């Protein structure tokens, strides 16, 4: 069993949606028993009941009543990273607010609103699950472990990023200190195409780390020297939280994105059904 936390006080976050550019709000309140639930027009739905899509530079959840909640990864990543597995999420607006583009604001608010929860049986990986993305050269796998471990590797041609690796055990302490502060990032060469797709309408200097493709930025530009890969880890934790319970396994991800993370989550769930 895994010791978990639960939301015991209401906490709200207001801001702008990074893709819609519209005002958004989300409130977290205590739930009954274990589980992360979304309070939507059609009722109360567990996160595991949602269809997940990660093809539009973020994670979109579509619930049985047809409700869609966009850009959920930083919020649910903050819940999972801190070990909070009992909460009701009430979104207002087309997506979860971007805040500062990281999980830090969410994590600090959640930490203040959380308290001891019930022991919860984690999803324990018993065999390797692995696959590649031939189109992008990515790879992702999960193998058995008694802990929740992540090895994440990214590789960009731009010198400002290059090759970066994060490796570690995810605990509430390491998450808050080493992962939550890492902001979402974009290359200057990507901005035009993102806007043409109708995305990034709420992106601004206070919620996106903009990285030049050519010029190496000064160290002070970053919160953490390897901030981009740590943000990928935040996304990965959030996407794997769609399984709906704590995870025990070692995840290895190379040049992966939301779509691969969510496919791994689906395969983990299917492995449980076939066990």
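Here are some notes:
- Checked against (1) touching a strand residue (DSSP E or B) at 6+ places or on another chain (Cβ under 7 Å); (2) in contact (Cβ under 8 Å) with a residue 40 or more places away in the chain; (3) under 28 Å from residue 173 (Cα atoms), residue 80 passes all but condition (1).
- Tally, over region 158-175, of residues that are in contact (Cβ under 8 Å) with a residue 40 or more places away in the chain and either assigned to a helix (DSSP H, G or I) or within 12 Å of residue 255 (Cα to Cα) (or both): 4
- Here 173, 128, 177 are screened, and the one residue that is more than 17 Å from residue 2 (Cβ to Cβ), modelled with pLDDT of 95 or more, out of contact with any strand residue (DSSP E or B) (no Cβ under 9 Å at 6 or more places or on another chain) and surrounded by fewer than 19 Cβ atoms within 10 Å (Cβ to Cβ) is 177.
- Residue that is nearest to residue 126 (Cα to Cα), among those in region 241-263 that are part of a helix (DSSP H, G or I) and in contact with a helix residue (DSSP H, G or I) (Cβ under 7 Å, 6 or more places away or on another chain): 243
- Matching residues, region 132-149, being touching a helix residue (DSSP H, G or I) at 6+ places or on another chain (Cβ under 7 Å) and either over 27 Å from residue 84 (Cα atoms) or assigned to a loop (DSSP other than H, G, I, E, B) (or both): 133, 138
- Test: residue 95 is out of contact with any helix residue (DSSP H, G or I) (no Cβ under 8 Å at 6 or more places or on another chain) and closer than 20 Å to residue 245 by Cβ: no
- Boolean, residue 238 is in contact (Cβ under 8 Å) with a residue 12 or more places away in the chain, out of contact with any helix residue (DSSP H, G or I) (no Cβ under 6 Å at 6 or more places or on another chain) and crowded, with 22+ Cβ neighbours inside 10 Å: no
- Checked against (1) at pLDDT below 95; (2) out of contact with any helix residue (DSSP H, G or I) (no Cβ under 7 Å at 6 or more places or on another chain); (3) surrounded by 15 or more Cβ atoms within 10 Å (Cβ to Cβ), residue 231 meets all criteria but (1).
- Only residues that are surrounded by fewer than 24 Cβ atoms within 10 Å (Cβ to Cβ) and closer than 14 Å to residue 83 by Cβ were counted in region 96-120, giving 8.
- Subset of region 33-71 [part of a loop (DSSP other than H, G, I, E, B) and closer than 22 Å to residue 115 by Cα]: 33, 34
- Within region 22-45, being touching a residue at least 60 places away in the same chain (Cβ under 8 Å) and surrounded by 14 or more Cβ atoms within 10 Å (Cβ to Cβ) holds for 23, 24, 25, 26, 27, 28, 29, 34, 35, 36.
- Residue match in region 180-194 (condition: in a helix (DSSP H, G or I) and touching a residue at least 40 places away in the same chain (Cβ under 8 Å)): yes
- Pairs where the first residue, in region 118-145, is on the phi > 0 side of the Ramachandran plot and the second is part of a strand (DSSP E or B), C-beta under 9 Å, 6+ apart: 137/155; 137/254
- Summed over region 9-21, the residues that are surrounded by fewer than 15 Cβ atoms within 10 Å (Cβ to Cβ) and either touching a helix residue (DSSP H, G or I) at 6+ places or on another chain (Cβ under 6 Å) or outside the structural domain of residue 82 (by TED's automatic domain parsing) (or both) give a count of 1.
The values are calculated or read from the model by the stated rules, or taken from the named source; none is laboratory data. Just so we're clear, the structure is a prediction, and the values are computed from it rather than from any experiment. FYI the Cβ positions are ideal-geometry reconstructions off the backbone, even for glycines, and counts take in every protein chain you see.
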